């Protein structure tokens, strides 16, 4: 009898990698051996996992010998180079980068929505973009009963989505402003773009670089990934993605239009109350609604501010909040691993 | 020949009142006499206007004797009590509170949109809500040529909209968090509501109290005021209003649907480039887009991130930013006063 799997975590020292280890531990994922991998720079560092010291190794193709499941979160270029090597050696890869998400041969999975897509993998399973995951978890219970025609989302995204350096930049900038000191933005809105702007006490309507159509990559990710995960190529989706000075927890303002008549606010609340992965927080009379600071450290997607459009009986609004490092990244990846075990796909 | 008007400012010590005085000075508004009014508590304070000391007096019905134009920004109850008294004494009132905005006999004016409505006043002219003003300035140039069917807005509102105490609360909270000290929220999201939440490093989806339909008063203001200002009772408008940790400068993410076919992003930019009160900041290739911190102290409405919906040729997105204390309050009030002079309505 097998007591667990040989698990590898690639990018073990990053913000998401650290959350993955914490989540694997908390969920008591069945691990017989844990291999922690990183860039050459971080190799040699030690991490405590379940009370035992694990030394991080440099990720090479050979690192994946004997690995059964590898969780990748070390950037798209590392996934592109190493995930196929891991697959060649018999591992299943859960990839948290955008490298394979839109590849037609790679399932893009949010277990609450399309767990069945796992059956058709070719060794790699993509974990969607953080802002997309929390949104589809909220959409699916409604789509199931009333269909879905249109989704228009405006996001309020936390800086931890841009990495640990971005958090530090926001905090340092904030302190400088309060102390009336000078500072120079160096990372946000997007480390790889040319100009950098102040995030402290500001809202920046740019996440990732711009595409030629005027949308950012982040916005196009939300649009394309939502269609793929929900298997609705003709769904009308649009997104405006905005970075705000919040450390962790993405908030989203959604307008949706359903296909069928008859949905009410009361039924929408009932559908979401029992939906997997969702916590309904919606009592306007008691000022109960989701907020970023309350989502930190939790695996759930919090939904509130549900109301019906005043002119369109099929139109509804909702406010969707989740920890972007957990359901948006680490937890969804581990959840995919758990689904693979449950479905008998991990051998 | 008259060299100016007897002007009163009611609420002269408040955040908006202070901006009104600054704006009257900067615009060199024709003033023959300036009467500054406030509550009993602030009476006796002195303010420098154009190099001369002006003593603030307690506002009473008699304060308005001889006043030709009174700018009110001291809360709805003060306006309700004193604006009719001022009118009785021959003054025209420009009221920056919500007291008279939806009164069918009171014009609700944004000069770039409906200056003509000033002709039908009964002594009181209402200044719209801050978040509404900047939005309609951006909508009007498009509506004029292509009509307007639908507007869905999500806001990113600054704390200065909730007053000077809210700014202090945000800064104190922020410092406490950086120093890992305890604190107790006492003002935001809404001073008059029961519960108070942390605004520092958070996003709060509540501005003003909730109505029975699940929308907040702020959201209903945006909906109803937009219809009234644009004189489009059947316009489909919806709003989600959110407070974020920004000191000054409201940002808005808009989806709009026009009536007529044929509008392109290029033409929308051309229309907005020459629109009164608008500054187009829209060069995604150079990361040029409006941001709250850049709007502070400016009278204009900044618009960018213009793009066409990918599925609906009549659908467009835009990002609208403005200083909520200026175009959103003080500048729009003074601008109404200037329009009254220009149209010969101030006698």
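The values are calculated or read from the model by the stated rules, or taken from the named source; none is laboratory data. Only a predicted model underlies this, so the values are computations on that prediction, with no experimental measurement involved. Counting neighbours? That spans all protein chains shown, and the Cβs are built from the backbone with ideal geometry, glycine included.
For the stretch B:283-301, the set of residues classified as surrounded by 16 or more Cβ atoms within 10 Å (Cβ to Cβ) and at the interface with another protein chain (Cβ under 8 Å from one of its Cβ atoms) consists of B:284, B:287, B:289, B:290, B:291, B:292, B:293, listed by residue number.
For residue A:138, are the conditions met, namely being under 17 Å from residue A:196 (Cα atoms) and surrounded by 23 or more Cβ atoms within 10 Å (Cβ to Cβ)? Break it down stepwise before answering.
Working: under 17 Å from residue A:196 (Cα atoms): no; surrounded by 23 or more Cβ atoms within 10 Å (Cβ to Cβ): yes.
Against the criterion (under 17 Å from residue A:196 (Cα atoms) and surrounded by 23 or more Cβ atoms within 10 Å (Cβ to Cβ)), residue A:138 does not qualify.
Do we have any residue at all in the stretch A:170-185 that's more than 17 Å from residue A:240 (Cβ to Cβ), within 21 Å of the chain's Cα centre (by Cα) and free of Cβ contacts under 8 Å to residues at least 60 places away in the same chain? No, the conditions are met nowhere in the stretch A:170-185. Considering the stretch B:269-282, the residues that are part of a loop (DSSP other than H, G, I, E, B) and on the phi < 0 side of the Ramachandran plot include one that is farthest from the other protein chains (Cβ to nearest Cβ), namely B:276.
Per the listing B:47, B:7, the residue uniquely assigned to a strand (DSSP E or B), in contact with a helix residue (DSSP H, G or I) (Cβ under 9 Å, 6 or more places away or on another chain) and surrounded by fewer than 21 Cβ atoms within 10 Å (Cβ to Cβ) is B:47.
Can you pull out every residue in the stretch A:209-231 that is assigned to a loop (DSSP other than H, G, I, E, B) and surrounded by fewer than 22 Cβ atoms within 10 Å (Cβ to Cβ)?
Those that are assigned to a loop (DSSP other than H, G, I, E, B) and surrounded by fewer than 22 Cβ atoms within 10 Å (Cβ to Cβ): A:209, A:211, A:212, A:213, A:214, A:230, A:231.
Taking the listed residues B:131, B:154, B:192, the one that is modelled with pLDDT of 95 or more and more than 26 Å from residue A:323 (Cβ to Cβ) is B:131, with no other qualifying.
Filtering the stretch B:238-253 to residues that are in contact with a helix residue (DSSP H, G or I) (Cβ under 7 Å, 6 or more places away or on another chain), at the interface with chain A (Cβ under 7 Å from one of its Cβ atoms) and closer than 22 Å to residue B:171 by Cβ leaves B:245, B:246, B:247, B:251.
Looking only at the stretch B:12-37, how many residues end up being surrounded by 15 or more Cβ atoms within 10 Å (Cβ to Cβ), more than 12 Å from residue B:333 (Cα to Cα) and either out of contact with any strand residue (DSSP E or B) (no Cβ under 9 Å at 6 or more places or on another chain) or at pLDDT below 95 (or both)? Total meeting the criteria: 6.
Here residue A:319 meets each of (1) within 11 Å of chain B (Cβ to nearest Cβ); (2) free of Cβ contacts under 8 Å to residues at least 60 places away in the same chain with one exception, condition (2). Residues that are crowded, with 20+ Cβ neighbours inside 10 Å and in a loop (DSSP other than H, G, I, E, B) were ranked within the stretch A:79-107; the one that is nearest to the chain's Cα centre (by Cα) is A:96. Report yes if some residue within the stretch B:259-267 is in contact with a strand residue (DSSP E or B) (Cβ under 8 Å, 6 or more places away or on another chain), modelled with pLDDT of 95 or more and crowded, with 22+ Cβ neighbours inside 10 Å; otherwise report no. Within the stretch B:259-267 (the criterion being in contact with a strand residue (DSSP E or B) (Cβ under 8 Å, 6 or more places away or on another chain), modelled with pLDDT of 95 or more and crowded, with 22+ Cβ neighbours inside 10 Å), the answer is no, since none of the residues qualifies.
Does any residue of the stretch A:108-118 turn out to be assigned by TED's automatic domain parsing to the domain that holds residue A:18, buried (at least 18 other Cβ atoms within 10 Å of the Cβ) and over 30 Å from residue A:257 (Cα atoms)? The answer is no; no qualifying residue exists. Residues satisfying the criterion are present in the stretch B:63-78 (criterion: in a helix (DSSP H, G or I) and either in contact with a helix residue (DSSP H, G or I) (Cβ under 6 Å, 6 or more places away or on another chain) or on the phi > 0 side of the Ramachandran plot (or both)).
Remark: residue B:335 falls outside the filter, which requires a residue to be on the phi > 0 side of the Ramachandran plot and either away from every other protein chain (no Cβ under 14 Å) or modelled with pLDDT of 95 or more (or both). Restricted to the stretch B:293-315, and to residues there that are assigned to a strand (DSSP E or B) and closer than 18 Å to residue B:330 by Cα, the residue that is nearest to the chain's Cα centre (by Cα) is B:301. Restrict the check to the stretch A:142-151 and report whether at least one residue is within 12 Å of chain B (Cβ to nearest Cβ) and not in a strand (DSSP E or B). Yes; the residues of the stretch A:142-151 include at least one that is within 12 Å of chain B (Cβ to nearest Cβ) and not in a strand (DSSP E or B).
Applying the criterion of being away from every other protein chain (no Cβ under 12 Å) and part of a helix (DSSP H, G or I) to the residues of the stretch B:152-167, the residue that is surrounded by the most Cβ atoms within 10 Å (Cβ to Cβ) is B:161. Across the stretch B:168-197, the qualifying residues are those that are over 21 Å from residue A:169 (Cα atoms) and within 7 Å of chain A (Cβ to nearest Cβ), and the one among them that is surrounded by the fewest Cβ atoms within 10 Å (Cβ to Cβ) is B:194.
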